[in-house]
1. Magnitude of the Cβ-charge dipole of the chain, K/R +1 and D/E -1, about the Cα centre, nearest 20 debye?
2. Taking amide H positions as placed 1.01 Å from N in the peptide plane, with prolines and chain starts having none, which residues 5 or more places from residue 365, or on another chain, fall under 5 Å of its amide H?
3. Given only helices, namely DSSP H runs of n ≥ 4 each adding -39500 (n - 2.57), what is the per-residue ellipticity at 222 nm of the chain, to the nearest 500 deg cm²/dmol?
4. Can you list the lysines whose alpha carbon sits under 23 Å from that of residue 163, skipping same-chain ones fewer than 8 residues off?
5. Would you order 203, 253, 7 from fewest to most other beta-carbon atoms within 10 Å of each residue's own beta-carbon?
6. Once you have the Cα-Cα distance between residue 246 and residue 101, take 0.36 nm times their residue separation minus that, and quote the gain in nm to one decimal.
7. State whether the chain is rounded, prolate or oblate according to the following rule on the C-alpha gyration tensor (a ≥ b ≥ c being the square roots of its eigenvalues): a/c under 1.5 gives rounded; otherwise a/b larger than b/c gives prolate, and the remaining case gives oblate.
8. For the range 273-339, what size does the Cα cloud have along each of its three principal axes, sorted from largest down, in whole Å?
Amino acid sequence: MCARRRHVVTGTFNSPDLFVLEYDTLAQTLSILHQIRAEGPHQYLAYGESSSGGTVYATTWGSPSTLSAWHVTDDYGLSFGNHVPITATGSYVHVQPPPYASLTSPSFGSTPGLARWLGSAGGPTGELHRLDPETGRIGDKVHELVFLPGGAADLEKADKSRKALRYGAHSFDCSSTAADQVAFVADLGANAVQAYSFPDLEHLYTVPSAEDGDGPRHSIPHPHLPLLFTVTEHTNFVDVYRLPSARGQQPVHIARADMLTPSQAAHRHDFRGDTLRFSSDLRFLFATTRGMTPATKGLLVAYRLDVSDLDVKLTLVQRFETRTSGGKANAIELAPTPTEHDLLILTDDELGFMDILTFDPTSATFDVKATAQLPPLDDGKPQGASHAIWLP
C-alpha cells in the first residue's frame, strides 16, 4: 500500500455500479479511480483476504437475491469472482477471520487471517457461507437463520424483498476470537439483538432493546469486554448492554445516550439511527443518524467512552451535522491504519457525496478533508452512495 494514496470502494442504492476512489493524503483530494459495472444496487460491502489476494463481498438489492465476490486487481480495480443465491435480500455482510487487526470494525480484536466465512443477514433470514481461502470465492451455504415469530414455517409466505429490511434482521458482526466467538444480529422486527455461537450459529440469548419501539439497527461488540453497543433506528439512542457470562444469565442494559439535541428530540421520528463504530484506540464511540427526508440533516456524533468495572459512561463530545440528510446512507467506516487522527469515510445517498473526515482526539472534533461526488445517472438524478469500505 502506498502511504500517500489510500483507496475506498463504495456501492450505490440506485445503480448496478461499484466505484473505487483514491484519497491522496498530501493533496487532500478524493477522486474516482474505477467505475465497475456490477450486480447492484450494492448496499453493503465487506473485505477479506485469500492467499491469492483481496476480495470485496457485496449484498445487492437486485433480483434474484445474491451475495457476490469481486477480486481486487493490481491497479485497485475489481474483477468479478462469483455469486451465490440467498433466500432473502441481504443487508449486511461480515468476513471471518478479518483481513487485518483492529479494535474497531471489521476485527473487534479478532486475530486476522485468510477469510473462511461470510456471514450475512437481511429481513427474515441470515446465512453463513464458506469462503475459499485460496481464491476468495464464495462457497456452499452451511447455515440459515430465520428471524420470524413462526420460524421456518412462516418463511414461504414472508416478504423477502428489500422492504423486509425495514422490519427484519439488519446487521451481522462477530466478537473477538480471544474468547468463544459470538455473532450478533440486530433484529428490528423483534426489537432486539440476537446472539449466536460462531460459526455453528446456535442461538445463545436475546438482547431486548431498552424500550418498546426502539428498533435496534446495528450492534457492535467490545473487543475486550462482555459489552454490546447498539444504535436504534426508530428512536436514535445509543445503548450499552452487559452480556451474560454463563447460560441462564440475562443481558443487562447499563447505559443510554441520546443522539439528538433537545430541539431535535422534539421531532425524534424525523431521524433514523444508522451506524456505530469505535475509534481505533477505543477512547471514543462514533454513531450516525440520517434524516428521514431532505429537510432534515443527518448527524455524526462522537462520545467519549469511559469503562470501569463494566460500568460504562458515554459523554457527548461532538455532534457534527452532515451536508445532507444522508438519504438511506450516512454510513461510516474507519481506515485500517490510523495515524495521529482517525480517518473516516462517510457516504451520502441523497446527492451522492463521499467525504473523507478526520477525528482529532485532542480537540474531539471532526474535520472534512476531501470530498467527491458520484456521477449522476443517465436521467440526471444523483447516484446515491451506499456503504464504503477501505482497501488495506
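1. 300 debye
2. When sequence neighbours closer than 5 places are left aside, the close amide H contacts are 360.
3. After summing the helix terms and dividing by residue count, I get 0 deg cm²/dmol.
4. 328, 381
5. Starting with the residue having the fewest Cβ neighbours, the order is 203, 253, 7.
6. 49.5 nm
7. Taking the square roots of the gyration eigenvalues as a ≥ b ≥ c, the chain is rounded.
8. 42, 27, 16
Every number here is computed from the coordinates shown, using simple stated rules; none is lab data. Bear in mind that the values here come from a model prediction, so they are computed numbers and not experimental data. We place every Cβ from the backbone using ideal geometry, glycine too, and count neighbours over all the protein chains shown.
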